[in-house]
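Here the structure is laid out as structure tokens; the discussion comes afterwards.
The values are calculated or read from the model by the stated rules, or taken from the named source; none is laboratory data. The model shown is predicted, which means the values in this text are computed figures rather than measured ones. Here the Cβ positions follow ideal geometry from the backbone for every residue, glycine too, while neighbour counts run over all protein chains shown.
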Amino acid sequence: MKSIRTEVLVIGGGPGGAIAARALARQGLDTLLLEKNLSFVKPCGGGITSTAFDELQLPALPDTKYVDTIKIVSPRDNLVPIRLTGASIAIVRRGDFDSALRREAEKFGARLLEGEFKHFADVGKTVASEVSLDGHNVQVKADYVIAADGVNSRVRAALSIKPVYACLTLTGKIKDEETDCCEFWFSSSHAPRFYSWVFPQKEGISLGTGSLNFREIKMMWQRFLERRALKINETHATGKGISLRGYRVPLWQGDLFARGNVLFVGDAAGQVLPLTYEGIYYAMKSGELAATAIAEGKIGNYKKLWEQNFRRRFSLMRRLWEKFLTDDNQAERLVQFCRIPEVQSASMRLWLKKEPGRESLRTYIHILRRLFIR
């Protein structure tokens, strides 16, 4: 069997893996980025805060849409429009975006290969992975492995780690409708314990919903389509001819960072922000932090860095999800909470601008305490 030697093998060429590979290559580490299918386009709204482009030095893409308004709709159809200030939401086309990030990694010296991880032959000081390249089995030996292979991580399975706890989302693209904002709709009728959404796309909109009830997800998607059409006086509510794509989205547990010299980032580690289900930004940041720990030769620093940056934020959002998305009455309170100007201001600093300091988080927690005791 042919063998390849590298310092770091990154499995998965999505945003988390590509940013990790770029960061490692920048540090001068020999890095191999392995992606199973370079043509794959993940079902995703594609929303990223615009500040992430400067923070992470992301390449600009010509087809990126920028949204300056969001609309939140409560179960009782109470609408809260919020004008974004200081930053906006960039809506990227995932296929183009992921490809651009992989090219960035290559530009700094990472080697990109299209191939599939099969299993580990050894997970000792040197990690030996068996992969399939052009139909041939090849062994890749590396000092470290970064698992960025998504919610259905084969690396997790190879190490006998239980699958990521996840909800199911269902998304359809509608070409003959438009919106100039990002819409978030709450109701247990079509998104129990979650929300449904509408995002603008280059052509039309993407409309989706999420649920833990896998059997009824298609019916819930149809209910949301009908509810939104009725609310905005649209007639396209049959759903006929609309291609739907399902995908699992992790529910954060915070229990997996590394097993030996194998580090987990992004969806493979369940690192999706609770309540908002924002995943792209945190996948990229986790990839960057994992690369930093490897470059320093201190694997334990990965968990420390991640928790210093994000643990309190993720824990807070988990508490909000557990309290306010239990039923429609609580969801109604959550939406009304979003009307408060100081909440909007704190949210802009913390969630949109991604301010790293603790002051925004303290402000948010202070406001929440008043809400919790009502």
Is there a residue being modelled with pLDDT of 95 or more, closer than 23 Å to Leu29 by Cβ, in a strand (DSSP E or B) and among the charged types (D, E, K, R) anywhere in region 93-110?
no
May I ask you to verify whether Lys71 is of a type outside the set (Val, Ile, Thr), in contact with a strand residue (DSSP E or B) (Cβ under 7 Å, 6 or more places away or on another chain) and modelled with pLDDT of 95 or more?
yes
In this structure, does Pro62 turn out to be without any contact (Cβ under 8 Å) to a residue 24 or more places away in the chain, more than 20 Å from the chain's Cα centre (by Cα) and in a loop (DSSP other than H, G, I, E, B)?
yes
Among the candidates Lys42, Lys71, which residue alone is within 30 Å of Val335 (Cβ to Cβ), of a type outside the set (Asp, Glu) and within 18 Å of the chain's Cα centre (by Cα)?
Lys42
Restricting to region 50-65, give me the number of residues that are touching a Lys or Arg at 6+ places or on another chain (Cβ under 6 Å) and at pLDDT 90 or above.
1
Do we have any residue at all in region 198-209 that's touching a helix residue (DSSP H, G or I) at 6+ places or on another chain (Cβ under 6 Å), surrounded by fewer than 24 Cβ atoms within 10 Å (Cβ to Cβ), modelled with pLDDT of 95 or more and not charged (D, E, K, R)?
no
For Tyr165, work out the one condition from (1) closer than 30 Å to Glu216 by Cβ; (2) crowded, with 16+ Cβ neighbours inside 10 Å; (3) aromatic (Phe, Trp, Tyr) it doesn't fulfil.
(2)
Could you give me the residue pairs with C-beta distances under 7 Å whose first residue belongs to region 31-47 and is farther than 23 Å from Lys107 by Cα, whose second residue is in a loop (DSSP other than H, G, I, E, B) and small (Gly, Ala, Ser) wherever it lies, and which are 6+ apart or on separate chains?
Lys42/Gly14
With the requirement that a residue be at pLDDT below 75 and assigned to a loop (DSSP other than H, G, I, E, B), what does region 329-363 give you?
Lys353, Lys354, Glu355, Pro356, Gly357, Arg358
Please find, among Ala100, Ala158, Ala148, the residue that is touching a residue at least 60 places away in the same chain (Cβ under 8 Å) and in the same structural domain as Ala295 (by TED's automatic domain parsing).
Ala148
Consider only pairs whose beta carbons are under 6 Å apart and that are at least six residues apart or on different chains; among these, list those whose first residue lies in region 205-232 and is assigned to a helix (DSSP H, G or I) and whose second residue is among the β-branched types (Val, Ile, Thr).
Met220/Thr209; Trp221/Thr209; Phe224/Thr209
